[in-house]
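Working notes, structure below.
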Amino acid sequence: MTNILEVKDLCVEVDGQELLHGIDLTIPEGEVHALLGPNGSGKTTLMMTIIGYPEYKVTRGQILFNGEEITGLGITERARLGIGISQQRPPTISGVKLRQILDYVVVNAPQRSQEIDDLAKAFHMDPFLERDINADLSGGEIKRSELFQLLVTHPRFAMMDEPDSGVDLEALSLVGNMVNALLSEEPARPAKRKAGLIITHTGHILDYVHADKAHIMLDGRIGCSGNPLILLDKVRECGGYEECIQCILRRREG
Amino acid sequence: MKASNDRSTEDRSGPDLDLDHFLIEPDTPRPVMISPDQVEPADIEVMASLGVYVTGEDRAGTYILRDFHPLCLVAQSDDIELLPIAEALAKYDWLRERYYWRAVPADLDRYTAQCASVPEPQGYFLRVKKGAKVPFPVQACLYIARDDIAQAVHNVVILEEGAELHLITGCATGHGVRSAAHLGVSECYVGRNARLTSTMVHSWGPEVEVRPRSGTIVEAGGTFVSNYCSLRPARSIQTEPRAWLNGKGASAKYTTVILGSDGSTIDTGGEVYLNAENTSAELAHRAVCTGGHIYQRGLLIGNAPCRAHVDCAGMVLDAGDDGFIHSVPGLRALHADARMSHEASIGKIAPEQVAYLQSRGMEEREAISMIIRGFLGEEIVGLSPELDARIAEIAELAGHGGK
Ligand SMILES: Nc1ncnc2c1ncn2[C@@H]1O[C@H](COP(=O)(O)OP(=O)(O)OP(=O)(O)O)[C@@H](O)[C@H]1O
Ligand SMILES: [Mg+2]
């Protein structure tokens with residue numbers, strides 16, 4: 001099976017400061033991975049680097065998408081290859097409506113405009129279509145707006161940054177449905193999914209969306225990888241990521 | 001005869017024009033007016049780009065001034081009276097007594113004096129009859145087809161009680177015209193409970209000097225909405241619209257959208273006198289600077305219990321060493337119950353906004369264009385398809401300019 005994403009020995013600097021120190025991460029086609037880790041460990045940095053934000057400078061290593069090197073490509077090109085993101089803190093843009101962005105996404109497929117309205121109804125997004133993008137939305141509404149754009153975009157590979165943070169329990173199941181919908185390849189075959197990377201600090205979203213594998217990011221490195229349920233249980237059992245850090249330190253010394 | 005009155009315009013930017021450099025008086029006799037289908041195709045194209053459709057479709061009336069003379073005039077509605085101003089002055093004594101030079105003083109400055117001194121006034125007279133809600137806009141085009149002339153236009157627009165009208169004015173130089181002057185006086189009278197929306201689009205050659213002066217008087221319950229959009233900047237534009245809200249509940253809203261580029265100085269003003277109870281005024285300036293100098297000014301004067309807000313916002317894109325936007329929102333409260341506020345912000349286009357739209361698949365240029373369009377259009381998108389098209393064009397130009 002081909003790998004949709006391969007990150008090899010990736011080092012990334014922002015403003016001259018190294019934030020990622022040699023990341024290796026492989027996501028095979030059809031797999032959904034979770035990226036866990038404490039605040040400030042570099043999860044968002046990794047996602048923004050993969051989509052190609054210019055302030056995140058790759059100083060070493062490579063990013064391959066579907067077997068092809070994309071490390072030097074711009075954001076637009078990466079998006080057009082089929083990488084989609086939902087951001088943790090997206091910007092507001094005054095005067096630009098959510099609908100305008102969606103219309104752009106379907107511009108070459110006018111038959112899909114109807115789909116926007118149908119999806120908006122299904123996921124209770126209609127009130128937000130005519131509002132300025134991300135302006136005056138609650139934390140949870142921003143997450144839904146981001147996921148909704150991914151739903152309409154149909155990326156081959158979706159990266160979602162903290163889709164569950166700041167979302168109350170009721171909205172969480174809606175968010176979970178959105179994530180499942182955007183990952184699903186064919187509604188009739190729920191086991192067949194698109195590839196994705198879900199960043200989550202708390203892991204709440206994993207109660208709704210199955211992940212094939214999880215990785216724990218610690219201080220700009222992937223500390224360990226494994227079964228998401230087991231890793232998450234451990235983290236929860238220990239009341240956070242402190243134990244992971246100790247574990248890694250022990251392994252390094254030993 | 002030359003204008004001699006010289007009120008100082010030192011406090012405004014853009015040179016004091018030496019009108020000697022221009023041909024001021026017609027050197028040809030007034031031609032017979034033609035019907036719209038006889039307008040030259042090259043002119044038709046320029047006018048259409050301003051929202052003036054010579055065919056007159058979906059328009060209640062059309063007036064076209066070409067250089068010094070009226071070229072064509074059509075009124076397609078009994079609710080309006082549209083005449084060359086010279087004819088209207090001959091027809092109605094009350095026009096001179098009550099309206100002509102009553103909202104803009106003839107001796108305001110050298111440009112108004114010049115307009116007052118031309119042998120035959122250029123421009124139009126438009127009256128909308130009492131209670132008439134004109135379903136289609138009236139359009140006027142003030143067109144300069146040759147180099148080095150000074151057009152000195154004087155328009156009077158009167159909306160009688162309860163009347164409603166959308167007036168579209170396009171001012172432009174024809175293809176290949178580089179240098180000229182456009183001086184204009186516009187006096188608007190908005191009667192009780194009447195509503196005038198004025199959308200003006202300018203598109204000038206690179207060395208044109210533009211000095212419009214306008215005055216609007218709004219009576220009780222009346223509404224004046226002005227949208228001004230400068231698409232291709234002249235060498236200098238200096239506007240000075242003023243409005244007097246004299247009746248209870250009268251309101252005015254000015255939106256100014258400017259694209260400035262290298263070598264141009266654009267100084268857009270706006271002064272509103274809130275003279276009666278419950279009057280309200282809003283001035284919104286939006287400018288994108290890709291070079292040159294842009295001044296955004298606005299002064300609201302609260303003489304009564306009123307609400308007023310002035311908002312200047314500018315975006316600087318790749319403006320070179322010399323380009324700038326200078327914003328001066330002003331308030332003067334002369335009444336304890338005048339509630340007045342202002343805001344101003346100037347900045348570069350935010351890179352995180354561009355990157356965000358790129359992450360949805362847009363090219364950088366498309367992203368910049370969408371952001372600028374949002375920025376400029378926030379106040380005025382949707383007011384008219386013509387203006388929407390102009391705004392899209394400005395955004396497109398800015399998108400190409402932004403590196
Ligand atoms: N532009 C920047 N300049 C300097 N430091 C930065 C910049 N962006 C991020 N950092 C730092 O890099 C580290 C990693 O940040 P990042 O946002 O990737 O963490 P995260 O794992 O997503 O955290 P969270 O769970 O809080 O979202 C943090 O210490 C952060 O302060
Ligand atoms: Mg983060």
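Coordinate-derived values only; no laboratory data. Keep in mind that this is a model prediction, so the values were computed, not measured. Quick reminder, even Gly has a Cβ in these numbers, built from the backbone with ideal geometry, and neighbours come from all protein chains shown.
May I ask which residue of A:Q87, A:T76, A:I50 lies farthest towards the positive end of the charge dipole of the stretch A:40-96, with charges of +1 (Lys, Arg) and -1 (Asp, Glu) on Cβ and the Cα centre as origin?
Selected residue: A:Q87.
From largest to smallest, what semi-axes in whole angstrom does the stretch A:65-207 give when each is the square root of 5 times an eigenvalue of its alpha carbon gyration tensor?
They are 21, 20, 17 Å, listed largest first.
Under the rule a/c < 1.5 gives rounded, and otherwise a/b versus b/c splits prolate from oblate, where does chain B land using the Cα gyration tensor?
rounded
Which residue, A:G139, A:G16, A:G40, tops the fluctuation ranking in a GNM of chain A built on C-alpha contacts under 10 Å?
Ranking A:G139, A:G16, A:G40 by mean-square fluctuation puts A:G16 first.
Translational diffusion coefficient of the protein assembly as shown at 37 °C, 0.692 mPa s, Stokes-Einstein with Kirkwood Rh over Cα pairs, in µm²/s as a whole number.
In µm²/s, the coefficient is 117.
Taking a label point 7 Å from the Cα of B:D37 along the Cα→Cβ vector, which residues of the stretch B:134-151 have an amide N closer than 11 Å to it?
Taking a point 7 Å out along Cα→Cβ of B:D37, no residue of the stretch B:134-151 has its backbone N under 11 Å.
Please sort by residue number the GluC sites (Glu not before Pro) in the stretch A:103-184 whose DSSP state is loop and whose Cβ has at most 15 other Cβ atoms within 10 Å.
Taking the stretch A:103-184 and a limit of 15 other Cβ atoms within 10 Å, the loop GluC sites (Glu not before Pro) found are A:E130.
Based on alpha-carbon centroids, what's the gap between the stretch B:226-256 and the stretch B:319-359 in Å, whole number please?
17
Just want the ordering: B:R211, A:R221, from fewest to most Cβ atoms lying within 10 Å of their own Cβ.
A:R221, B:R211
B:L331's amide H: which non-local residues (gap 5+, or another chain) put their own amide H closer than 5 Å, with H modeled 1.01 Å from N in plane and none for Pro or chain starts?
Answer set, sorted by chain and number: B:L300.
Rounded, prolate or oblate, given the Cα gyration tensor of the stretch B:113-181, with a/c below 1.5 counting as rounded?
Since a/c reaches 1.5 but b/c is at least a/b, the shape of the stretch B:113-181 is classed as oblate.
For the stretch B:150-271, just say rounded, prolate or oblate: build the C-alpha gyration tensor, square-root its eigenvalues into a ≥ b ≥ c, call rounded for a/c under 1.5, and beyond that prolate if a/b exceeds b/c, oblate if not.
prolate
What is the total of Lys pairs in chain B with C-alpha atoms under 29 Å apart, excluding same-chain pairs fewer than 8 positions apart?
Counting lysine pairs in chain B gives 12.
GNM, chain B, Cα, under 10 Å: largest mean-square fluctuation among B:A338, B:A281, B:A152?
Taking springs between Cα atoms under 10 Å, the residue moving most is B:A338.
Ignoring GluC sites (Glu not before Pro) that are buried or in helix or strand per DSSP, and keeping those with at most 14 other beta carbon atoms within 10 Å, what is the longest stretch of chain B between them?
B:58-403
Counting helices only, and only those DSSP H runs with n ≥ 4, report the 222 nm mean residue ellipticity of chain A as the sum of -39,500 (n - 2.57) divided by its residues, in deg cm²/dmol to the nearest 500.
It comes out at -10500 deg cm²/dmol, rounded to the nearest 500.
Please find, in a Gaussian network model of chain B (springs between Cα atoms separated by less than 10 Å), the residue of B:D318, B:D18, B:D337 whose mean-square fluctuation is greatest.
It is B:D18.
For n ≥ 4 DSSP H runs only, could you compute -39500 (n - 2.57) per run for chain B, divide by its residues and tell me the 222 nm figure to the nearest 500?
It lands at -4500 deg cm²/dmol.
Take each of the peptides A:62-68, A:82-88, average the number of other beta-carbon atoms within 10 Å over its residues, and list them starting from the highest.
So the order, starting with the most tightly packed, is A:82-88, A:62-68.
Short version: ³J(HN,Hα) in whole Hz for each residue of the stretch A:152-162, in order, from phi by Karplus 6.51 cos²θ - 1.76 cosθ + 1.60 (θ = phi - 60°), x for Gly and Pro, what are they?
Working through the residues one at a time gives 6, 6, 6, x, 6, 9, 10, 10, 10, 9, 6 Hz.
May I ask which residue of B:M200, B:S35, B:A284 lies farthest towards the positive end of the charge dipole of chain B, with charges of +1 (Lys, Arg) and -1 (Asp, Glu) on Cβ and the Cα centre as origin?
B:A284
For a paramagnetic label modelled at 7 Å from the Cα of A:N3 toward its Cβ, which residues of the stretch A:54-77 fall within the zone defined by backbone nitrogen distances under 14 Å?
Those under the cut-off are A:61-71.
Using only the alpha carbons, work out the radius of gyration and Dmax of chain A in angstrom.
18.0, 60
Return the distance in nm (one decimal) between the two label points of a simple spin-label model at B:E87 and A:H154, each offset 7 Å from Cα along Cα→Cβ.
Using points 7 Å along Cα→Cβ, the separation is 6.1 nm.
Working out 0.36 nm times the residue gap between A:R250 and A:E130, then minus their Cα-Cα distance, what length gain in nm do you get to one decimal?
Once the chain is fully extended between A:R250 and A:E130, it gains 37.8 nm.
About the Cα centre, and with charges only on the beta carbon of Lys, Arg (+1) and Asp, Glu (-1), how big is the dipole of chain B? Nearest 20 debye, please.
980
Taking amide H positions as placed in the peptide plane 1.01 Å from N, state which residues far from B:H285 in sequence (5 or more) or on other chains have amide H under 5 Å from it.
For B:H285, whose amide H was placed from the backbone, the distant partners under 5 Å are B:T256, B:D311, B:C312, B:A313.
Leaving out same-chain residues fewer than 8 places away, which lysines sit with a Cα under 19 Å from that of A:K97?
Within the straight-line limit of under 19 Å, A:K97 reaches these lysines: A:K121, A:K143.
Could you work out how far apart the two model spin labels at A:R189 and A:D15 are, taking each label as a point 7 Å from the Cα in the direction of the beta carbon, and quote it in nm?
Result for the modelled spin labels: 4.8 nm.
For B:370-377, what's the mean count of beta carbons from other chains sitting within 10 Å of each residue's beta carbon?
That average works out to 4.
Looking at the stretch A:167-254 from every direction and averaging, what is the projected area of its Cα convex hull in nm²?
Quarter of the Cα hull surface area: 6.7 nm².
Can you sort B:F125, B:F136 by how many other beta carbons sit within 10 Å, fewest first?
Arranged by neighbour count, lowest to highest, B:F125, B:F136 become B:F136, B:F125.
Based on Cβ point charges of +1 for Lys and Arg and -1 for Asp and Glu, what charge dipole magnitude is obtained for the protein assembly as shown about its Cα centre, in debye rounded to the nearest 20?
The dipole of the protein assembly as shown has a size of about 720 debye.
List B:C115, A:C11 from most exposed to least, where exposure is judged by having the fewest other Cβ atoms within 10 Å.
A:C11, B:C115
Mind listing the long-range amide H neighbours of B:S214? Cut-off is under 5 Å, sequence gap 5 or more, other chains count too, H placed in the peptide plane at 1.01 Å from N.
Sorted by chain and number, the residues that satisfy this are B:S186, B:E240, B:R242.
I want the antiparallel fraction of DSSP beta bridges within the protein assembly as shown, as a percent rounded to 5.
Beta bridges within the protein assembly as shown, antiparallel portion: roughly 20 percent.
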